[in-house]
1. Here is a list: Ile61, Ile102. Which entry is surrounded by 21 or more Cβ atoms within 10 Å (Cβ to Cβ) and not polar (S, T, N, Q)?
2. Given the criteria modelled with pLDDT of 85 or more, in a helix (DSSP H, G or I) and either more than 25 Å from Ala162 (Cβ to Cβ) or in contact with a His (Cβ under 7 Å, 6 or more places away or on another chain) (or both), does Val66 qualify?
3. Taking the criterion of being of a type in the set (A, V, I, L, M), in contact (Cβ under 8 Å) with a residue 40 or more places away in the chain and surrounded by 17 or more Cβ atoms within 10 Å (Cβ to Cβ), would at least one residue in the range 128-141 satisfy it?
4. Tally up the residues in the range 110-127 that are open to solvent by 80 Å² or more (accessible area, probe 1.4 Å) and under 19 Å from Phe91 (Cβ atoms), please.
5. Conditions first: (1) more than 30 Å from Ile102 (Cα to Cα); (2) assigned to a helix (DSSP H, G or I). Leu185 passes all but one, so which condition is the exception?
6. Return yes when Glu87 is out of contact with any Gly (no Cβ under 6 Å at 6 or more places or on another chain), at pLDDT 95 or above and open to solvent by 40 Å² or more (accessible area, probe 1.4 Å) and no when it is not.
7. Only one of Ala155, Ala82 is open to solvent by less than 60 Å² (accessible area, probe 1.4 Å), under 30 Å from the mean Cα position of the chain (by Cα), modelled with pLDDT of 95 or more and not β-branched (Val, Ile, Thr). Can you tell me which?
8. From Ile220, Ile213, Ile225, which residue is touching a residue at least 24 places away in the same chain (Cβ under 8 Å) and farther than 16 Å from Gly50 by Cα?
Amino acid sequence: MREDGRVKEHEHTSEAIRERLDHGPRTSYLRDWIYGGIDGAVTTFAVVSGVVGARLSTNVILILGVANLLADGFSMAAGNFAGTRAEREEFERLRAMEYRHIRDEPEGEREEVREIFRRKGFEGRDLERIVQVVCSDRDLWVRTMLTDEHGLPHAIRSPLLAGGSTMSAFLVCGFVPLVPFIFGLPRPFELSLVMTAAVFFAIGSAKSRWSVIPWWRSGIETLLIGSAAAGIAYCVGLLFAA
């Protein structure tokens, strides 16, 4: 904890810096978990709301709810897996292309490196020296082109972990609206509403890690989005019940 009350994000000692850089960029799958969690809670509670609005039985809620958990959870995981794998395949294609260009057109690629660092503010001897250093290591040369020319990240995420994170979050958070009905608790719909609202707020609060929005505001925004989806489903249920 710093003197101004904020949590120190990481150490800046020489040893800590070397250790952090040796491990390379950290790959996070938390956003996949939050993405799956929001969708799981929204869609499952939407099913609950629609069935309750249509005044159908608890058995229908459980059947449709579990079917939604398994089918939609797998669908989202598969979609995230495919999308992340496409990113990895693009990375591999561009990397192979850059190695080929360095082999076949080294002077053109060297000029690209020179222009990249010229735009970063290097000039004169400093510019030529950094071009020489980068181009003396073929792997460093390719990594530089991938990052600065193509805008690719240093760390490529695992499609399997991305899809797995999404599905696990979908199942965990999507299960919450069904709990009062599974265990036969009193006033199950009202209890499901409160529990799901708490999940929405918790997920939104965690989501604030990726923005400058305060945690409470992010939580409220996610709560409102989830409530709107549930409200639409409930109204559709009432329409069909009429």
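1. Working: Ile102 fails: surrounded by 21 or more Cβ atoms within 10 Å (Cβ to Cβ).
Residue meeting the stated conditions: Ile61.
2. Working: modelled with pLDDT of 85 or more: yes; in a helix (DSSP H, G or I): yes; either more than 25 Å from Ala162 (Cβ to Cβ) or in contact with a His (Cβ under 7 Å, 6 or more places away or on another chain) (or both): no.
So Val66 does not fit the description; no.
3. Our first condition is that a residue be of a type in the set (A, V, I, L, M); within the range 128-141, this holds for 130-131, 133-134, 140.
Still in the running and in contact (Cβ under 8 Å) with a residue 40 or more places away in the chain: none.
Checking the range 128-141: not a single residue is of a type in the set (A, V, I, L, M), in contact (Cβ under 8 Å) with a residue 40 or more places away in the chain and surrounded by 17 or more Cβ atoms within 10 Å (Cβ to Cβ).
4. Final tally of qualifying residues: 0.
5. (2)
6. Values: out of contact with any Gly (no Cβ under 6 Å at 6 or more places or on another chain): yes; at pLDDT 95 or above: no; open to solvent by 40 Å² or more (accessible area, probe 1.4 Å): yes.
Against the criterion (out of contact with any Gly (no Cβ under 6 Å at 6 or more places or on another chain), at pLDDT 95 or above and open to solvent by 40 Å² or more (accessible area, probe 1.4 Å)), Glu87 does not qualify.
7. Values: Ala155 fails: modelled with pLDDT of 95 or more.
Being open to solvent by less than 60 Å² (accessible area, probe 1.4 Å), under 30 Å from the mean Cα position of the chain (by Cα), modelled with pLDDT of 95 or more and not β-branched (Val, Ile, Thr) holds for just one of Ala155, Ala82, which is Ala82.
8. On the way: Ile220 fails: touching a residue at least 24 places away in the same chain (Cβ under 8 Å); Ile213 fails: touching a residue at least 24 places away in the same chain (Cβ under 8 Å).
None of the other options fit; the residue is Ile225.
The values are calculated or read from the model by the stated rules, or taken from the named source; none is laboratory data. The structure displayed is predicted, hence computed values, not measured ones. Positions of Cβ are generated from backbone atoms using ideal geometry, with glycine treated the same way; all protein chains shown enter the neighbour counts. Heavy atoms of the whole protein, side chains included, go into the accessibility calculation; ligands, DNA and RNA do not. Shrake-Rupley method; radii C 1.70, N 1.55, O 1.52, S 1.80 Å.
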